[in-house]
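**Student:** Pasting a structure here, questions to come.
What follows draws every value from the coordinates through simple rules; no lab data is involved. Predicted model only: the values in this text are computed from it and were never measured. Cβ sites come from the backbone with ideal geometry, for glycine too, and all protein chains shown count toward neighbours.
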Amino acid sequence: MFNRNASDIQGNFSKVFWRNFRKNTLAFGSLIFILLWCIAAILGYLITPDPTPHANQQHLELSTHRPGHVAQLLFIKMNTETQKVSLFRQMISGKPREYSVIPIQRYWFEGAWLHYETYQGQPGYAGIEDKIWLPDVVYSLAPVRDTVLADIDEVGFYLLSGQAKRARIVDLQQDVMQNHIVNQKFLLGTDRFGRDMLSQLVIGARVSLSVGFISVIISLVLGLTLGCIAGFYRGWMDDAIMWLINVVWSIPTLLLVIAITFALGKGFWQIFVAVGLTMWVDVARIARGQVLSIREKEFVLAARSLGLSNFRIITRHILPNIIGPVVVISAANFASAILIEAGLSFLGIGVQPPMPSWGTMIREHYGYIILGKSFLAFLPGILIMLMVLAFMLLGNGLREAFDKNQKV
């Protein structure tokens, strides 16, 4: 009976681990929170209210409006060819602008003309009155617009393709009211440039999660390689690698990241390398310690007696047995990477505008904390705090689940 139970537990390691992990409510909730934000970051422009590249559609008249603000927007078709974008490309890099957008506060029709009053930043303030030809709102027009005859109920015009077209004025007015005048609600308000805060936060999550993911991958590759070599071979290789680890360890992480960033330059990809090259020491120390404790185990000695190569022993027999502590330290490194990226962006040496980043959003709006619009800086700050806390709780939950699994 004992042998059957032991065999069952060993054969269902992942099942036992998952059961232990789900008992930790905070860790399991943190995992769900992280997964939801990962899904939102992956979908990106497909779910953001502003699908333009970098969610950078600006309306200065709507700057620093509070969450829930509703604005009336006039969408005017641009007189350029519409670029066809695949769904995947739109998800990755956004959709080019097809419309010029003007915030308005009232409009009316006079024949084939749409008259409107612009919105000046505060409800009730008199705006500038202007007008635009109805076909120019609905279609992309060619420069020549007066060569098609029309009567009192119709207008004629040339499309950008050169095709002559006639349309009833009543139909154009109906099209404008239904499709080109939109009451848009900004759920989380607008930033100082009038950009949608929700879109900025979702696209900014891509930067934080991408930096964390790629930095952890870099740290795992370097840390596991050097840690396993140092712990398995010992001798002068261990001394040399430990010397390198101690040297890197002695340099403050933020200063080292700043130095690497200055050497590589500012940018999206440079920040990955800069953060990743500073985190491998934690992984290397953990891996070395674990390998030192495992290298003399019976199964490793048995593998050596069978004549297996050192590479096979390390990859097939040692690495699977040290993966638990490495996963835990990787979760902590993920949280650290998010904090470091936010700090670098706040200092202006991380991700560069117009690409949104939570750290950049705080830098641009921290002055509004004392101006009664603190939500502009608090929203990205709270998200950074929650994301870091989620990864720390996830790491603690993984450690406890691994410990319980080993006891079982």
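**Student:** So if we plug the beta-carbon distance of Glu296 and Ile42 into 1/(1 + (r/R0)^6) with R0 = 41 Å, what FRET efficiency do we get, rounded to 0.05?
**Tutor:** 0.40
**Student:** Any idea which of Thr225, Ala259, Met237 is furthest toward the positive side of the dipole for the range 178-308, if Lys and Arg beta-carbons carry +1 and Asp and Glu beta-carbons -1?
**Tutor:** With unit charges placed on the Cβ atoms, the residue in question is Ala259.
**Student:** Which ³J(HN,Hα) values in Hz, rounded to whole numbers, follow from the phi angles of the range 252-264 under the Karplus curve 6.51 cos²θ - 1.76 cosθ + 1.60, where θ = phi - 60° and Gly and Pro get x?
**Tutor:** Result, rounded to whole Hz: x, 4, 5, 5, 5, 5, 4, 5, 5, 5, 5, 6, 8.
**Student:** Hey, what number do you get for the chain at 222 nm if only DSSP H runs of n ≥ 4 count, each worth -39500 (n - 2.57), divided across all residues, to the nearest 500?
**Tutor:** Value at 222 nm, helices only, nearest 500: -18500 deg cm²/dmol.
**Student:** Which whole-Hz couplings ³J(HN,Hα) result when phi for each residue of the range 154-168 is put into the Karplus expression 6.51 cos²θ - 1.76 cosθ + 1.60, θ = phi - 60°, listed in order with x for Gly and Pro?
**Tutor:** 10, 10, x, 6, 9, 6, 4, 6, x, 6, 7, 9, 10, 8, 6
**Student:** Oh, and also: Skipping prolines and chain starts, which residues have an amide H placed within reach, meaning under 5 Å, of the one on Thr64, given they are 5 or more residues away or on another chain?
**Tutor:** Thr190, Asp191, Arg192, Phe193, Gly194
**Student:** Given springs between every Cα pair under 10 Å in a Gaussian network model of the chain, which of Thr360, Thr118, Thr80 has the largest fluctuation?
**Tutor:** Thr80
**Student:** Let me ask another. Between Glu154 and residues 5 or more places away or on another chain, which pairs have amide H atoms under 5 Å apart, with H built 1.01 Å from N, and which residues are they?
**Tutor:** Correct list: Ile169.
**Student:** For the Cα atoms of the chain, what angle does the longest principal axis make with the long axis of helix 319-347, in degrees from 0 to 90, nearest 10?
**Tutor:** Long axis of 319-347 versus the principal axis of the chain: about 40 degrees.
**Student:** Where does the charge balance sit around Val327 when Lys and Arg score +1, Asp and Glu -1, over other residues with C-beta under 14 Å from its C-beta?
**Tutor:** -2
**Student:** Once amide H atoms are placed 1.01 Å from N in the peptide plane, what residues at a sequence separation of 5 or more from Tyr119, or on another chain, have their amide H within under 5 Å of its amide H?
**Tutor:** Under 5 Å from the amide H of Tyr119 lie the amide H atoms of Ile104, Gln105, each far enough along the sequence or on another chain.
**Student:** When the Karplus curve 6.51 cos²θ - 1.76 cosθ + 1.60 is applied with θ = phi - 60°, which whole-Hz ³J(HN,Hα) does each residue of the range 74-83 get, with x for Gly and Pro?
**Tutor:** Once rounded to whole Hz, the list reads 9, 9, 10, 4, 6, 7, 9, 5, 6, 7.
**Student:** If you work out Kirkwood radius over Cα pairs in Å from the coordinates, which of (1) 24.5; (2) 25.6; (3) 21.1 do you get?
**Tutor:** Identified label for the calculated read-out: (2).
**Student:** Under a point-charge model restricted to the Cβ atoms of Lys and Arg (+1) and Asp and Glu (-1), what is the dipole moment magnitude of the range 69-186 relative to its Cα centre, in debye to the nearest 20?
**Tutor:** Computed charge dipole of the range 69-186: roughly 620 debye.
**Student:** Same structure again: Name the most mobile residue of Met387, Met237, Met91, meaning the one with the largest mean-square fluctuation, in a Gaussian network model of the chain with Cα contacts below 10 Å.
**Tutor:** Of Met387, Met237, Met91, the Gaussian network model singles out Met237 as fluctuating most.
**Student:** Most mobile of Val300, Val202, Val351 per a Gaussian network model of the chain (Cα springs, under 10 Å)?
**Tutor:** Val300
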